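One structure is given below, encoded as structure tokens.
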Amino acid sequence: MTVEDCIPLVYLKPGEIFFDKKSACVSTVLGSCVAVTMVEHHTGFASICHAQLPRCKDHTKCLTGCSEKYKYMDCSIEAMLAAFSKHGINPAQLEIKIFGGANGVGSSPALETAGKIGRMNIEVALSTLAARGLSPHNSDIDGTSGRKIYFMTPTGEVWAKRFKGKNLCNENVSNIPLERLTFHGMKICSPVIKERFRFLK
């Protein structure tokens, strides 16, 4: 199977942001973490983040000197919107979706004991978007189950499967079977070298 007749599969790790106009199926695993997808259909640019925590302690460093800025929900969304703006794309043109934010399955024991981290990630995602006059077109959030998601960048479609477990944000998604996945009749390729695609720095 060649690149021409299949969609490349790309794994998104916690704290990463995919941003590209090349077709891909971006996959990640979410517990209390939250993924936000954005697509601009006319240009083909698409983006997805995998944020672990609600807010950066020093928000002024979100787009400058913070080395771990994309692990935070607020910084990730700001960076995604800034990347679209650099290509002349108005945020109002974006199709936005939100996934994840389960409670009791995240990476911060102190907050998970209180059942808060997933909900906090969701609230910050929604408030950060609302501050820009934006809201998600669709979502699969909250609850107590983790999720495996596949983001099809050509259309903005997202497939989500729920399951239970702990520390899901750090799971490797290479065990997800691809045989049943198709996209408009095209198969999903085996994982490709990530350097072929653009990730925000």
Applying the selection to the stretch 21-40, what residues are of a type in the set (A, V, I, L, M, F, W, C) and part of a loop (DSSP other than H, G, I, E, B)?
24, 33
Which listed residue, of 60, 43, is at pLDDT below 95, among the β-branched types (Val, Ile, Thr) and outside any strand (DSSP E or B):
60
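The values are calculated or read from the model by the stated rules, or taken from the named source; none is laboratory data. It should be emphasised that the depicted structure is a prediction, and the values quoted were computed from it without experimental measurement.
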